[in-house]
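Structure first, commentary second.
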Amino acid sequence: MTSNRSTLPLLPGATLGVLGGGQLGKMFVHCAQRMGYKTAVLDPDPQSPAGLVSHFHLMKDFSDENALQDFARLCDGVTTEFENVPAQTMEWLSNRVSVNPSAFAVSIAQDRISEKQHFVNCGVPVAPYTVIQSQADVRKTDLALLPGLLKTARLGYDGKGQIKVQNLQDLETAWDHLSGYTKHPMPCVLEKLLPLDFECSVILGRNRSGQIVHLPPQRNIHRDGILALTQVHEGCFPVSVKNQVIEYAQSIAQKLDYVGVLCVEFFVLKDPTNHLSPYSLVVNEIAPRPHNSGHYSVESCDVSQFELQIRCLTNMPLTTPRQHSPAVMLNLLGDLWQASSVERDALAIEEPNWASILKIPGAHLNLYGKAEPRLSRKMGHITFNGSSVSEIYGSLNQATHILGITPFVSP
Ligand code: ADP
Ligand code: MG
């Protein structure tokens, strides 16, 4: 199932390729270069954040066979920074160059239906759900799944491609909308809306010989379906939940024979019927790559999620990443640039006050270099670390005040 060609390590000096040129690719490129590797990015956008900082940037489409030929010749190892890269592209490359994660693992993560089936096969609990592929499926929906969330099986991200539905009538309207009103509708899943106590995720790295290491699991706060804040420090969540999260994530990776960095997202529910623990867990989704919730590791761990990705790709030794300071990570969305409204309701684009942010102790500003600050678009993040939990929340509160973001409280 894995598509790895050689078990020899790729030493510094080798060229590491990444499919996709977004911020995750940019952070991969920076980390690979720090470690002495050359980098190559495949992304059609000439202004892509990763492409702009890489040794090589092929500005071609992911299905352009000539470009893939060149990319395979250029690279000693290839990974991906987004899950929607066509599985055929990864399959094609893996016949010519060492690629991980495998096309198979990425194809599972691309589709909520196969992803959920995989979780069920692993014995990991999921939210109650059903697959909806037609009007007839809508009509025979089990009412126990309502209220729920209708989600497209593919291509959803940051809360896009999903609609909350209260009743059957809502579901019909949402289905018409998401399926695209076509003869070949986009398959969807309807998930029961769960009363989440909180959300969390864990990032692990697994190598070709099956060794797994993980970052400390993190607690995540979403606003409008988009990750807003990640918290990683003492007292974030109960040890029993932490252990269960790690165990489930490991079994999900093992059953995929996964090689590379994997993020697994969970919902945590209060469970008064459980006598052993007041909490129960369901897995939400996986990302076959580093994840927004793992960005804190760059400034707060001795091995970041990107270094882990490189160690997995190059078949170099894995060591368990150790967190050296408590951290919170605040996402910066394009909304922060849309300042005051001016004539005729047009919005003025105004840069947030970075000088004030950089006055805050322990604030690490990361901006991705995206040209256009659209609403809801991830433009950057700030990691706050320090010597105590109260110190990092003090810094976070200063930043939310400066940026006009609704404040957060420590768990
Ligand atoms: P995306 O691919 O956009 O991240 P998710 O399925 O992770 O999609 O949903 C985004 C967010 O919406 C979740 O992090 C959670 O806050 C909320 N959400 C999703 N599914 C449910 C559910 N079944 N019950 C309650 N909240 C949910
Ligand atoms: Mg998600």
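Here are a few things to note about the model shown:
- Test: residue in the stretch 354-361 that is under 28 Å from Gly260 (Cβ atoms) and part of a loop (DSSP other than H, G, I, E, B): no
- The residue that is farthest from Gly159 (Cα to Cα), counting only those in the stretch 82-92 that are away from ligand 2 (no atom under 16 Å from the Cβ) and touching a residue at least 40 places away in the same chain (Cβ under 8 Å), is Glu91.
- Apart from one condition, Ser376 fits all of (1) assigned to a loop (DSSP other than H, G, I, E, B); (2) in contact with a His (Cβ under 7 Å, 6 or more places away or on another chain); the exception is (2).
- Test: residue in the stretch 140-154 that is within 30 Å of Gly13 (Cα to Cα), in contact (Cβ under 8 Å) with a residue 24 or more places away in the chain and outside any loop (DSSP other than H, G, I, E, B): no
- Residue that is open to solvent by less than 10 Å² (accessible area, probe 1.4 Å) and within 16 Å of ligand 2 (Cβ to nearest atom), where the choices are Val282, Val303, Val259, Val264: Val264
- Hits in the stretch 211-263 (condition: of a type in the set (Val, Ile, Thr) and closer than 15 Å to Phe408 by Cβ): Ile221, Ile226, Thr230, Val232
- Filtered residues of the stretch 34-43 (kept if open to solvent by less than 70 Å² (accessible area, probe 1.4 Å) and within 17 Å of Leu74 (Cα to Cα)): Gly36, Tyr37, Thr39, Ala40, Val41, Leu42, Asp43
- Considering only residues in the stretch 137-178 that are more than 10 Å from ligand 1 (Cβ to nearest atom) and under 27 Å from Glu81 (Cα atoms), the one that is surrounded by the fewest Cβ atoms within 10 Å (Cβ to Cβ) turns out to be Arg154.
- For the stretch 189-221, residues that are within 16 Å of ligand 2 (Cβ to nearest atom), in a strand (DSSP E or B) and within 27 Å of Lys255 (Cβ to Cβ) total 11.
- Residue check for Leu227: within 15 Å of ligand 1 (Cβ to nearest atom), surrounded by 16 or more Cβ atoms within 10 Å (Cβ to Cβ), not acidic (Asp, Glu) and not in a strand (DSSP E or B): no
- Test for His275: is it more than 16 Å from ligand 2 (Cβ to nearest atom), modelled with pLDDT under 95, at negative phi and surrounded by fewer than 21 Cβ atoms within 10 Å (Cβ to Cβ): yes
- All positions within the stretch 126-136 that are outside any strand (DSSP E or B) and surrounded by fewer than 16 Cβ atoms within 10 Å (Cβ to Cβ): Pro128, Ser134, Gln135, Ala136
- Considering the stretch 1-104, the qualifying helices (runs of 4 or more DSSP H), each wholly inside and each with 1 or more residues that are modelled with pLDDT of 95 or more and over 30 Å from Pro373 (Cα atoms), run over 65-74, 87-94.
- In the stretch 310-328, the residues that are closer than 20 Å to His30 by Cβ, outside any loop (DSSP other than H, G, I, E, B) and open to solvent by less than 10 Å² (accessible area, probe 1.4 Å): Ile310, Cys312, Leu313, Ala327
- Residue tally, condition closer than 28 Å to Pro272 by Cα and surrounded by 16 or more Cβ atoms within 10 Å (Cβ to Cβ), over the stretch 194-206: 5
The values are calculated or read from the model by the stated rules, or taken from the named source; none is laboratory data. None of the values given here were measured: they were computed from a predicted structure. All Cβ positions, glycine included, derive from the backbone under ideal geometry; neighbour counts span all protein chains shown. The protein model used for the area step is the full one, side chains on, heavy atoms only, and it has no ligands, DNA or RNA in it. Shrake-Rupley method; radii C 1.70, N 1.55, O 1.52, S 1.80 Å.
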